[in-house]
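> One structure, pasted below without further comment.
The values are calculated or read from the model by the stated rules, or taken from the named source; none is laboratory data. This is a predicted model, so every value here is computed, not measured. Glycine gets a Cβ as well: all are built from the backbone with ideal geometry, and neighbour counts include every protein chain shown.
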Amino acid sequence: MTSTPTLEQIKDHVRQRPYMSGVNRELVRIKSTSEVFTPSPLVIKTLDRMDQNIFKDPNSKVGDLYGCGDGQFLGEVLIRKVENGIEFKQALSTLYGVDIMQDNVDLCRERLLCGQVHLKHITDKNIIRADSSRYHMAFDGTKDASFGSLFDFV
């Protein structure tokens with residue numbers, strides 16, 4: 001996709017994936033990383049319970065900071081923001097994720113981009129590989145920062 005994706009294209013790209021697909025997840029890996037992704041119905045139920053104004057404000061930032069996995073949660077947030085009239089690029093720029101596994105980071109970035117590779121600089125900055133128990137959550141390349149009020153919802 002080179003032009004801005006339609007809402008239906010975004011939904012298809014984000015949702016048309018088998019559960020925990022894209023990476024060979026052997027039992028050893030799952031045990032060592034506690035890697036289990038949140039199923040789509042539970043993600044949707046969780047988002048339904050949140051303050052819906054988060055999805056209407058083009059500047060509200062949402063973070064999946066303790067294991068964003070392949071972007072299941074962030075992808076659904078992206079859909080809701082676009083459904084509420086926020087432009088794709090703006091919505092994408094407000095999503096942040098951290099995962100300790102690089103292959104999950106790569107899958108999350110690809111999922112959120114919806115084919116918009118010219119916006120890769122956004123996901124490269126906002127979706128990162130790090131140990132969330134030690135990362136400062138500034139997403140700005142600095143080594144020290146306060147967690148503070150960077151996000152509207154975590």
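> Just a yes or no: is a residue in the stretch 85-104 within 16 Å of the chain's Cα centre (by Cα), modelled with pLDDT under 95, of a type in the set (A, V, I, L, M, F, W, C) and outside any strand (DSSP E or B)?
Checking the stretch 85-104: at least one residue is within 16 Å of the chain's Cα centre (by Cα), modelled with pLDDT under 95, of a type in the set (A, V, I, L, M, F, W, C) and outside any strand (DSSP E or B).
> A further question on this structure: Which count do you get for residues in the stretch 30-43 that are surrounded by fewer than 14 Cβ atoms within 10 Å (Cβ to Cβ) and either basic (Lys, Arg) or at pLDDT 85 or above (or both)?
Residues meeting the conditions: 3.
> So is LEU107 modelled with pLDDT of 95 or more, closer than 19 Å to ILE10 by Cβ and assigned to a helix (DSSP H, G or I) or not?
Against the criterion (modelled with pLDDT of 95 or more, closer than 19 Å to ILE10 by Cβ and assigned to a helix (DSSP H, G or I)), LEU107 does not qualify.
> One residue is enough: does the stretch 84-102 have a residue meeting the conditions under 15 Å from ILE10 (Cα atoms) and among the aromatic types (Phe, Trp, Tyr)?
Yes, that holds for at least one residue.
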